[in-house]
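Let me begin by presenting the structure, written as C-alpha cells, before commenting on it.
Read-outs throughout are calculated quantities, based only on the coordinates presented, and are distinct from any laboratory measurement. The shown structure was predicted, so the numbers you read here are calculated from the model rather than taken from an experiment. We place every Cβ from the backbone using ideal geometry, glycine too, and count neighbours over all the protein chains shown.
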Amino acid sequence: MKILVLNSGSSSIKYQLFDTDKKDVLARGMVDKIGIAGSSLVNHRNDGDSVKLVGEIVDHQVGIEFVLGLLVSAKHGSLRTLNQLDAVGHRVVHGGEKFNGPVLITDNVIKEVEACADLAPLHNPPNLKGIYAMQDILPDVPQVAIFDTAFHQSMPDYAYMYAIPYTLYKKYGLRRYGFHGTSHFYVSKRACEILNSEIEGHKIITCHLGNGASIAAIEHGKSVDTSMGLTPVEGMIMGTRSGDLDLGVLTYIIDKEGIGVQAANTLINKHSGILGISGVSSDMREVIRAAEEGNQRAQLALNMYHYRIIKYIGSYIAAMDGVDTIVFTGGIGENSVITRREVCKNFNYIGLELDQQKNENLRGEGIISTNKSKVQVMVIPTNEEAVIAEETMKVVEANKVYVMNQKLKQL
Ligand code: ADP
C-alpha cells in the first residue's frame, strides 16, 4: 500500500509517503510558514533528490495541493498518479475519552474530533484542517486518524483523575490524558522485539525527551501512567514548558504581575522550562554547551531537568512494583549521553548498571546497560510516522467493505 502520513500543525504540514509492501519511505517533506510570508515546500525523495519551492501558501488546503502535486511531478515525484495513493493517515493530538485506538475518518469521527478541540485548542484545529483539505481534494481516498492520547486510555482512573470536584470531570472531561502515545507505543514494542521478549509481563518505562517531553509506565504493553495530563504542560521540565508546578505559583504571578489567563498560559508554555531557567536557549545542545563553559543558570537548568526525570522514573518503579527496561527516545533521549548518564546513576539501588562506553558510543538503537545489569537500559529512535502508516493500513484493511462503498458513492 502507498500511504501518505500527515502531521498538520498551525503553520506547517509534515508528511511522509510510505510504501508499506516494501517497508520503505518513498518521500518526506514539509510545508512551512503556511499563511505567513516566505512559505515553502521542501521534499526529499528516497533516491537523494531534494527540492525546495518557495511561494504563497495561504492555507492548509493550498499546502496539501502543493504536496500532492509534487508527489506526482515528473521530475521530483514518487508516484505516477494520485490513484496510486491507497490511504492517508493523520496524526491527531487529542482524542479525548472517545478514542482508544486509530479510526477510519467518517463524518461522525470528524464531529467527535471537533468536540475534542476544546481540550487541545492549539493542536486539534490544525489537525482538522489537514483532514478537511484531504477530504476535499481526494474524497475517495480512505483517511485514518491516529491519536496521541489513545495509547494512554488504558490508564486506571486513580492515575488519570485530578483531585478536583468530580462534577468538573463529568462536566468538562477534566482529567489526565497524556500525549506522545504513538511514540511510547512504538519504542516499548520495539524494545521487546530487540530483547526478544514477550510484551506480556514486561514492565517498561519509556522516556520521550524532545522539545516536549513525557515519561510513561507501561505494563503488559499498556500505558498505566504518564507524565503529561489534560494538556502537554504537565510533568517533565521541557524546552519552554514548566512541567509540574504548584498552582499557587500561577495564581501568585497572575495577581502580582497583573496578567490575564492567556498571558499566564503563554508564560508556562513558551517562556519557562529549560529556556526560562537558563536564559540561554530551549535547545538542549546550547544549554549543555553553556553549562560546560561555566554558565551557572544553564547548569541549574540541567540539574533540575535530570532531577525531574529521576523522580518520575522512581515513582513509576513504585507504581509498577518494579521495572525491567528503561527506554530513552526523542532528540535528547536519543542523543544526550549526559542526560542518560545523570539519570541512570540514581538507580544503582535496583541493580541498574549503565555501560559508560556503550552510552557514549551507541549510534541508533541498542542496549546501553551492562550484561549483568538487572534493568535493561535502551536507546530507541522513535518513529511515529511508521506507526501511523502501519495503523492506517490495518484500519483500511479492516474496513474494506465500507471503503469500497464510499468509493462507489463517488462514481
Ligand atoms: P521535537 O519534540 O520538536 O520533535 P526533538 O525530538 O527533535 O524535538 O528534540 C529536540 C531536542 O533534542 C533539542 O533540545 C535538541 O537540542 C536536542 N538534541 C539533539 N541532539 C542533541 C545532542 N547531541 N545532545 C543533546 N541534545 C540534543
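Legend: ranking of residues SER369, SER281 from fewest to most surrounding C-beta atoms inside 10 Å; resulting order SER281, SER369.
To the nearest Å, what is the center-to-center distance of the stretch 140-201 and the stretch 39-112, using C-alpha atoms only? Distance between centres, Cα-based: 25 Å.
Annotation for the stretch 350-380: trypsin sites (Lys or Arg not before Pro) lying in DSSP loop with at most 12 further Cβ atoms inside 10 Å of their Cβ are ARG363, LYS372. Ordering ASN383, VAL395, LEU408 by the projection of their Cα atoms onto the charge dipole of the stretch 303-411, which places +1 on the Cβ of Lys and Arg and -1 on the Cβ of Asp and Glu, puts LEU408 at the extreme positive end.
Taking a ≥ b ≥ c as the square roots of the eigenvalues of the alpha carbon gyration tensor, the stretch 148-215 is prolate, as a/c is not under 1.5 and a/b beats b/c.
Counting only GluC sites (Glu not before Pro) that are in a DSSP loop and have at most 12 other C-beta atoms within 10 Å, tell me the longest site-free stretch of the chain. Longest gap between qualifying sites, sites excluded: 57-197. The calculated FRET efficiency for GLU56 paired with SER11, based on their beta-carbon distance and R0 = 22 Å, is about 0.95.
In this simple spin-label approximation, ASP244 and ASP283 carry label points 7 Å from Cα along the Cα→Cβ vector, and these lie 3.1 nm apart. Between ASP140 and LYS358, the simple label model (points 7 Å from Cα in the Cβ direction) yields a spacing of 5.3 nm. Placing a label point 7 Å from the Cα of SER197 along the Cα-to-Cβ direction, the residues of the stretch 352-367 with a backbone N closer than 15 Å are 352-354, 366-367. Starting from the Cα gyration tensor of the stretch 186-293, take the square roots of the eigenvalues, sort them a ≥ b ≥ c, and report rounded, prolate or oblate (rounded when a/c is under 1.5, otherwise prolate if a/b is larger than b/c, else oblate). Since a/c reaches 1.5 but b/c is at least a/b, the shape of the stretch 186-293 is classed as oblate. Label points 7 Å out from Cα along the Cβ direction at LYS189 and ASP49: separation in nm? Inter-label distance under the simple model: 3.1 nm. The lysine pair tally for the stretch 2-111, using Cα distances under 12 Å and a gap of 8 or more places or different chains, is 4.
When the square roots of the Cα gyration tensor eigenvalues are ordered a ≥ b ≥ c, the ratio a/c for the stretch 78-204 is 1.5 or more and a/b does not exceed b/c, which makes its shape oblate. Our helix-only sum for the chain, with -39,500 (n - 2.57) per DSSP H run of n ≥ 4 divided by its residues, gives a mean residue ellipticity at 222 nm of -12000 deg cm²/dmol.
Report the trypsin sites (Lys or Arg not before Pro) located in the stretch 379-411 that are in a DSSP loop and have at most 12 other Cβ atoms inside 10 Å of their Cβ, or state none. Sites meeting the loop and neighbour criteria: none at all. Gain on full extension, evaluated as 0.36 nm per residue between LYS394 and TYR132 minus their Cα-Cα distance, stands at 92.1 nm.
The ranking of VAL187, VAL31, VAL379, VAL401 from fewest to most other beta carbons within 10 Å of each one's beta carbon is VAL401, VAL379, VAL31, VAL187.
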